[in-house]
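Everything below concerns the one structure shown next.
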Amino acid sequence: MKRLVECVPNFSEGRDTSKVDAIVSAMREVPGVYLLDRESDSDHNRSVVTLAGEPEAVAEAALRGVGKAAELIDLTKHSGAHPRMGATDVVPFIPIEGVTIEDCVALAKKVGREIWERFHIPVYFYEAAAQRPERTNLESIRKGQFEGLLEEVPRNPSRAPDVGEQRLHPTAGATVVGARKFLIAYNINLNTSDVGIANRIGKNIRFSNGGLRYVKAMGVDLRGRNLAQVSINLTDFEQTPIHRVFEMVKREAERYGVSIVGSEIVGLIPKRAIELTADFYLQLENFSPAQVFENRIEASFAGASAAEGPGKLAALAQPFLDAVAEPTATPGGGSVAALAGALGASLGQMVAGLSRKKKSQAAYVEPLSDALAEFHSASRMLAEAIDRDAASFESVMAAYKLPQSTPEEQGRREAAIQNALQGAANVPMEVARKASNVFDLLGQLEKIASPSMLSDIRVGRLMAGAAVRGALENVAINLESITDSGFSSRVRSESELLAARIAKS
């Protein structure tokens, strides 16, 4: 299986092209690493580079970038509109294919240790790699920026790095390393130079202040353009689509008598995010991602490998059916349960999408649009769980094959088995949680969707309910071998609640 990760290091240099070139060149020297994008902003004085490739190669490329940045960037002489605490400010790893978020956490921890050992730059871990709850958010770690942390870290143990001595590098500061989902860096420019307005809008739309979920935002002064900017990080574009952010900024701007003059994407954006936005603004009737030319080509090539005979839709499904039918342990019941949940969510997505286009349902456009986004996100998550479930079971099998000739090896083997078993229980628990949410949301959809699609809703609920029950069966079988009674007790209690939730309807 191909293993791909993305890494998006942010460097505190956006004005000196020769320095950015040198940093990028250092990373490109690593075989097997692909440079997907680089963007520099002189107002922010920051560059964002997007790399992809095999995990080990991308990790080494990121490390070389950190080293070159430490040589070339002196934060004591740095200024810019964007907050920063390091020459290499942040290094996130993102799972793309054949890699889980847990794999990226392990990769982040390894890279963090290497940054300290090679360059004596202290490291903080954030997002999924955070070692303390209060360090999940980058803003919390970076509070005070380079100048403030340079003084505070040596005298305040609560601000000590996760790796390295209790101090910052005198010119390169500290680097924040982590693992996260795909993030969209999205900036909206206003027709005013009053950065205070941008700051107030940012405060109103960000989740930490009661705004939109999965949105981080702040105001930035674009002095070179005499504009104020709302700089946004969108951490889950399926739950909070980009068009919803744009519309909220637009409404907030109107309150202050200003308007939007343009917006920009920093780095790359998933095609799905553009599809969601196009569907919203164009109000396309009966739109499906299958109508996108590139998607159709990809699906056609995938179906071409299936045996001749089945129809077009059957050809798309046949490879998975064949994989399940193979006399191998994976994919098995857990993957099938995840697929059932994804199918239920996809049916909900279809019903919500069609219903909101009908005049008879005009009064429910907003809740139908919200449901559409939730079903879309759930379908993607459950589809990803098909592979994750198979991978978690393979991890259990690998742990059982570890050597056990000595007491030390036996101890390591048992610890690995228990860790893998908990992972193999956690994945179907996530499926059960998400599928139960789909089950409930489909029930709510009955009241606002077009009556002509009632059968689709009910089939979707049957699939979601089957996903919950099937996933819980996989949870139960793993719990039988888990020795951590606290873990088992918590998971059994939640399993009973989810099962009861489905049984009531």
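The values are calculated or read from the model by the stated rules, or taken from the named source; none is laboratory data. Computed from a prediction, not measured in an experiment: that's the story for all the values here. Here the Cβ positions follow ideal geometry from the backbone for every residue, glycine too, while neighbour counts run over all protein chains shown.
Screening Thr483 with (1) of a type in the set (Val, Ile, Thr); (2) surrounded by 19 or more Cβ atoms within 10 Å (Cβ to Cβ); (3) part of a loop (DSSP other than H, G, I, E, B) gives one miss only, at (2). Checking each residue in the stretch 117-128 for being part of a loop (DSSP other than H, G, I, E, B) and modelled with pLDDT of 95 or more picks out His120, Ile121, Pro122. Annotation: Pro310 fulfils all but one of (1) modelled with pLDDT of 85 or more; (2) outside any helix (DSSP H, G or I); the unmet one is (1).
Which of the residues belonging to the stretch 212-245 are among the aliphatic types (A, V, I, L, M) and under 18 Å from Leu268 (Cβ atoms)? If the condition is that a residue be among the aliphatic types (A, V, I, L, M) and under 18 Å from Leu268 (Cβ atoms), then Ile232, Leu234, Ile242, Val245 are the ones that fit.
Taken together, the residues in the stretch 261-277 that are small (Gly, Ala, Ser) and in contact with a helix residue (DSSP H, G or I) (Cβ under 7 Å, 6 or more places away or on another chain) amount to 2.
State which residue is farthest from Ala466 (Cα to Cα) when the search covers only the stretch 389-423 and only residues that are touching an Asp or Glu at 6+ places or on another chain (Cβ under 8 Å) and in a helix (DSSP H, G or I).
Within the stretch 389-423, the subset touching an Asp or Glu at 6+ places or on another chain (Cβ under 8 Å) is 402-403, 418, 422-423.
Narrowing the set further to residues that are in a helix (DSSP H, G or I) leaves 418, 422-423.
Working: Gln418: 28, Gln422: 22, Gly423: 22 Å.
In this case the residue turns out to be Gln418.
Residue count for the stretch 401-416 under the criterion of being under 22 Å from Pro428 (Cβ atoms) and exposed (fewer than 12 other Cβ atoms within 10 Å of the Cβ): the result is 0.
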